[in-house]
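The values are calculated or read from the model by the stated rules, or taken from the named source; none is laboratory data. No experiment lies behind these values; they were computed from the predicted model shown. Note: ideal-geometry Cβ built from the backbone for every residue, glycine included; neighbour counts use all protein chains shown. SASA here: full protein model, heavy atoms, side chains in, ligands and nucleic acids out. Shrake-Rupley method; radii C 1.70, N 1.55, O 1.52, S 1.80 Å.
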Amino acid sequence: MRPVLLTLALTALALPGCERPGTREVKALSAELDRARRHRDFGNAESVARQILKRAPHHNGAWAALVEARLQMNDVAAAEKFVNEWRAGERQPGTTELEEATGDVALARQDEQEAILHWQKALGHDPKNERVLRKIAELEHVHRHWIEEDTAWSTLIKTRDSADARSRRAIARRQLHRWDNAFADLQRARLLAPANAQVQEWSQRFERLGKFLDEIRELDASISSSPADFTLLGDRALAFLRAGDPELALSDAEQARKLAIWAIRPKLLQAIALIDLNRANEGADLLVRNSIRLEQLSAENLEAFRRLDGQIAVERTNADLFVSRAWQLNEIGQPELAQEDAETALTLDKKSAGALAELSYALMKLGQSDEALTRIKLATDLDPQLAVAWQYRGEIEMTHGETVSAIDSLTHALQLNQTAIALRKRAECYRKIGYNDRAEEDLHALEDLTARAMK
């Protein structure tokens, strides 16, 4: 009898379709767990994972599902507890799944260095793990570690080429100014997925960037030779803004500003880049108004700021340079910065009529008209031949309702230097007091002045 029973038992073990009931149940639950995770049904995934672990305590997929579910519910403490229990019961230390999960928990704790460390350990067990490589690449991107990000995407591409990985590496290589490699990656991404929305978006951006690439390459070479030249960095930031790449412009503008905290052009370019990136709130300390746009600044404005910044770098105690820059800032509607420069000029020369004039105009734009009027009267007293001071005085007196005084001030300004603004403002004053004939005379003079300027 016993030999017969033994034969039956061995036969049963040899049959491939015959499994122990517990094994079959774990397989069925594992399939259910996979479906739940694919559908991001984390509540169900956690329930199924617990059932699996009762039957198979070393089931890595179930432990990973528990950790994932808790992290998705922002329960980091519970996720960390599961990782510790998982590690304590491991038959062999540091499996791929365990190290990946440990890295995920570290990231949730905002310990990013620890996260990278454990993900790298996971790659030590499975160097071609696409999910882990992607996590590393994306975290390196957040921290602007472009070389490390490039390395991670390169490893992933060797494992499995894809349009997403190619476009992501192109973006990283653009940050490294590896232009040929970046454009080649994007071209490959277009071949792999021409209809992909991200690929199409970046293709358009790279196409626009390509139009400025010769200029940018020249600046790259110059900056490589003179990395502390804030003017060159500003030039490249401006080129990137014109090329429609505010992110790269911001990087250069920030670096230029660190090198030359007194310079205005880097501030303006930094503010414009932040606005283009929808991050204007980050530029509050720049004192640049959020209404500024690159297209509002003429080539003459930008060149004037470039020149004045360079001159101030050499002559930091020259009050006239700060007055000139304050005038430019008032011209482009940046009274906060104009006030700052005018006040700097006054600390260098307390009797600077030009500084008082620009300060008064800035104060008027900032809603401090009483203080502005006091300052502009001091300016005209100090230098009665300063046409711009009389013009500003007339404009400020208009805001105070002092129309007759405004006419007198604007007349002084026009006797010294005929300008379109002064003519227009005086005509406005004449109409207000009923002197329509004189207003018409000023408007005719304005037309003649405009015509001469256009010849």
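State to the nearest 20 debye the size of the charge dipole of the stretch 361-417 about its Cα centre, where the only charges are +1 on K and R beta carbons and -1 on D and E beta carbons.
Working: 4 positive and 8 negative charges, 27 e Å.
Result for the stretch 361-417 is approximately 120 debye, rounded to the nearest 20.
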Among THR411, THR347, what's the order by accessible area (1.4 angstrom probe), most exposed first?
THR347, THR411
Could you name the lysines in cross-link range of LYS350, using Cα to Cα under 17 Å and dropping any fewer than eight places away on the same chain?
LYS377
Can you give me the angle between helix 319-331 and the longest principal axis of the chain, using Cα atoms only, in degrees from 0 to 90, rounded to the nearest 10?
70
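What is the percent carbon and sulfur in the accessible area of the stretch 249-400, measuring with a 1.4 Å probe over the protein chains and ignoring ligands? Mind dumping the intermediate values first?
Details: 3070 of 6770 Å².
Answer for the stretch 249-400: carbon and sulfur cover 45 percent of the accessible area.
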For the chain, what is the accessible area per residue in Å², given a 1.4 Å probe and the full set of protein chains?
53
Using a 1.4 Å probe on heavy atoms of the protein chains only, the accessible area for ARG70 in Å², nearest 10, reads 50
Charge dipole of the stretch 78-133 built from unit charges on the beta carbon (Lys, Arg +1; Asp, Glu -1), centred at mean Cα; most positive-end Cα among GLY89, VAL132, ILE116 is GLY89
Along the positive direction of the dipole of the chain (beta-carbon charges: Lys, Arg +1; Asp, Glu -1; about the Cα centre), which of ALA31, LEU66, PRO266 reaches farthest?
ALA31
For the stretch 351-426, state which trypsin sites (Lys or Arg not before Pro) are in a DSSP loop and have at most 16 other beta carbons lying within 10 Å of their beta carbon.
LYS351
Which lysines have a Cα lying under 26 Å from the Cα of LYS128, excluding residues fewer than 8 positions away in the same chain?
LYS27, LYS158
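Treat every Asp and Glu Cβ in the chain as -1 and every Lys and Arg Cβ as +1, leave all other atoms uncharged, and give the resulting dipole magnitude about the Cα centre to the nearest 20 debye.
That gives a dipole near 2220 debye.
Could you pull out the trypsin sites (Lys or Arg not before Pro) across the stretch 85-153 that fall in loop regions by DSSP (anything but H, G, I, E, B) with no more than 14 other Cβ atoms inside 10 Å? The partial results should precede the final answer.
Working: sites: ARG87, ARG91, ARG109, LYS121, LYS128, ARG131, ARG134, LYS135, ARG144; in loops: ARG91, ARG109, LYS128, ARG144.
Counting only loop positions with at most 14 other Cβ atoms within 10 Å, the trypsin sites (Lys or Arg not before Pro) in the stretch 85-153 are ARG91, ARG109, LYS128, ARG144.
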For the stretch 96-133, list residues with backbone N below 16 Å from a point placed 7 Å from the Cα of ASN84 toward its Cβ?
102-103, 105-106, 109
Expressed as a whole number of Å, what is the distance separating the alpha-carbon centroids of the stretch 267-301 and the stretch 409-437?
34
